[in-house]
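Have a look at the structure below, then the notes.
The values are calculated or read from the model by the stated rules, or taken from the named source; none is laboratory data. Worth saying up front: this structure is predicted, and the values here are computed from it rather than measured. Reconstructed Cβ throughout: ideal geometry from the backbone, glycine too, with neighbour counts over all protein chains shown. Please note that ligands, DNA and RNA were not included when accessible areas were found on the heavy atoms of the full protein model with its side chains. Shrake-Rupley method; radii C 1.70, N 1.55, O 1.52, S 1.80 Å.
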Amino acid sequence: MDRLHLTDLYFAEARSKLIDLAAFLDRIERSDGTDDFRIKSLRAALNELGKPGPEKAKKILLVLSDPTEKPVPEAGTKSASGAWSGF
Amino acid sequence: MRYIEPHAHMISRVTDDYAAMVTAGCRAVCEPAFWAGFDRSSAQGFYDYFCQLTDYEPRRAAQFGLPHYSWLCLNPKEAENLSLANDVLAMIPAFLDRPNVLGIGEIGLNKNSRNEVAVFEKQVDLAVRYDQMILVHTPHLEDKWKGTRLIVDVLKNNRGIDPARVIIDHVEEHTVDVVLDAGFWAGITLYPQSKCTPARAIDMVEVYGAQRIWLNCACDWGQSDPLAVPKTALEMKRRGHSEEAVDRLVYENPIQFLSQNPKFQLDEIGWEDKCRAAQK
Ligand SMILES: [Zn+2]
């Protein structure tokens, strides 16, 4: 499928998601407090978005992943937050 | 349009969802054992759940002529309690001969803890001992990359494992190559927020090819869509994929994997009789 056809299919959706993301960061920056590991990770992931080259989705997922290799001693919680707490 | 739903937690869905799935072209549904949203208080709770997956739920699906299959295990979210895990694992072999049971699943990891890894290894051993296929759950969000690599290591270290009979589910762009390169099947789960959108799922199929990949909705009691697979098939057509390419991904591929267990058949005639016979 050519670039024009893909742009026709997905541009409006991508534009909407981008503006939502920008508005989210504006909302965060108007609020009291400081960035936690999730917002710090999100800002780092945004840097990947601006770089040229392939596999942007993969690179962003890796920024938002636990990079360690050994099992943790205990599960502690059952849920995931979407970013690595050690970031 | 015809498709197989290879991963759906139908016990947490209403009967209307069965009707909608069949209307959309679903020809068979497979239900792996999972977490109930709360920890079960005893092994007896799992016994009742396995009865539900192998008796009641196939009969509910049969009302719409839909073959229902299941996978049995202790899910990783309840794997921290090793004595409970041992009790549940001891009970599984008695269910493996039931007519709708396809194998062991969805086993795997959740928070990548030592006990989760230990119980995962035991369930892989159990599957090998009883010559069962395996369906693997990979962790959520930030835990997925680490967990997927730990899972692949455990499976590779077990000499009894044939990768062609193992599907590793919930892959995303950072884990799909880890799974496919090791020779396993990869499942892509379509969720509204976490996991994967239809557009990203199709991207992965375009980049890696459709071999050894299936799509599933993994619908449960959380935000999820039992019609996510047929909606993604529609999205593939909008992207210019042929009818044949869509059919291969959402129908032929799951059949190719699941048919490795001869119990998987699309002919639902006599299904209820088979279920009743299994109770005797
Ligand atoms: Zn599941």
ask   = Across segment B:139-161, what is the number of residues that are within 27 Å of B:SER259 (Cβ to Cβ) and touching a strand residue (DSSP E or B) at 6+ places or on another chain (Cβ under 9 Å)?
value = 5
key: Top-ranked residue of segment B:236-280 - restricted to ones that are open to solvent by 80 Å² or more (accessible area, probe 1.4 Å), modelled with pLDDT under 70 and in a loop (DSSP other than H, G, I, E, B), ranked as farthest from B:MET204 (Cα to Cα)   = B:LYS280
key: Filter result (closer than 18 Å to B:GLY160 by Cβ and open to solvent by less than 10 Å² (accessible area, probe 1.4 Å)) within segment B:103-125   = B:GLY103, B:ILE104, B:GLY105, B:ILE107, B:GLY108, B:VAL119, B:PHE120, B:GLN123, B:VAL124
request  = Would you check if there is a residue in segment B:93-100 being farther than 30 Å from A:SER41 by Cβ, among the polar types (S, T, N, Q) and part of a helix (DSSP H, G or I)?
outcome  = no
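To keep it simple, each residue is scored yes or no on (1) at the interface with chain B (Cβ under 10 Å from one of its Cβ atoms); (2) part of a helix (DSSP H, G or I).
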{"residue": "A:LEU4", "(1), (2)": "no, yes"}
{"residue": "A:GLU29", "(1), (2)": "no, yes"}
{"residue": "A:ASP35", "(1), (2)": "no, no"}
{"residue": "A:PRO52", "(1), (2)": "no, no"}
{"residue": "A:ALA75", "(1), (2)": "yes, no"}
{"residue": "A:ALA80", "(1), (2)": "yes, no"}
{"residue": "A:TRP84", "(1), (2)": "yes, no"}
{"residue": "A:PHE87", "(1), (2)": "yes, no"}
inquiry  = For segment B:1-23, give me each residue that is open to solvent by 30 Å² or more (accessible area, probe 1.4 Å), touching a residue at least 24 places away in the same chain (Cβ under 8 Å) and away from the ligand (no atom under 16 Å from the Cβ).
reply    = B:MET1, B:ARG2, B:THR15, B:ALA19, B:ALA20, B:VAL22
Matching option when the condition is modelled with pLDDT of 95 or more and within 14 Å of chain A (Cβ to nearest Cβ), among B:ALA28, B:ALA79, B:ALA43 = B:ALA79
message = So the check is Cβ under 8 Å with 6+ separation or different chains; which pairs have a first residue in segment B:154-174 that's closer than 26 Å to B:CYS219 by Cα and a second one that's more than 16 Å from the ligand (Cβ to nearest atom) and of a type in the set (Asp, Glu)?
response = B:GLU173/A:GLU55; B:GLU173/B:ASP203
inquiry  = Here are the criteria: (1) more than 16 Å from the ligand (Cβ to nearest atom); (2) in contact with a Lys or Arg (Cβ under 8 Å, 6 or more places away or on another chain); (3) open to solvent by less than 20 Å² (accessible area, probe 1.4 Å). Tell me which single one B:ALA61 does not satisfy.
reply    = (2)
ask   = Across segment B:186-231, what is the total count of residues that are under 18 Å from B:ALA164 (Cα atoms) and open to solvent by less than 10 Å² (accessible area, probe 1.4 Å)?
value = 6
query = Only one of (1) of a type outside the set (Gly, Ala, Ser); (2) within 16 Å of the ligand (Cβ to nearest atom); (3) in contact with a helix residue (DSSP H, G or I) (Cβ under 9 Å, 6 or more places away or on another chain) is not met by B:ASN75, so which one is it?
reply = (3)
query = Of the conditions (1) farther than 20 Å from B:PRO198 by Cα; (2) open to solvent by 100 Å² or more (accessible area, probe 1.4 Å); (3) under 18 Å from the mean Cα position of the chain (by Cα), A:ASP32 fails just one. Which one is it?
reply = (3)
inquiry  = Given the options A:LYS70, A:LYS51, A:LYS17, A:LYS40, name the one that is surrounded by 13 or more Cβ atoms within 10 Å (Cβ to Cβ) and basic (Lys, Arg).
reply    = A:LYS40
message = Take the conditions over 19 Å from the mean Cα position of the chain (by Cα) and at pLDDT 95 or above and apply them to B:THR54. Does it pass?
response = no
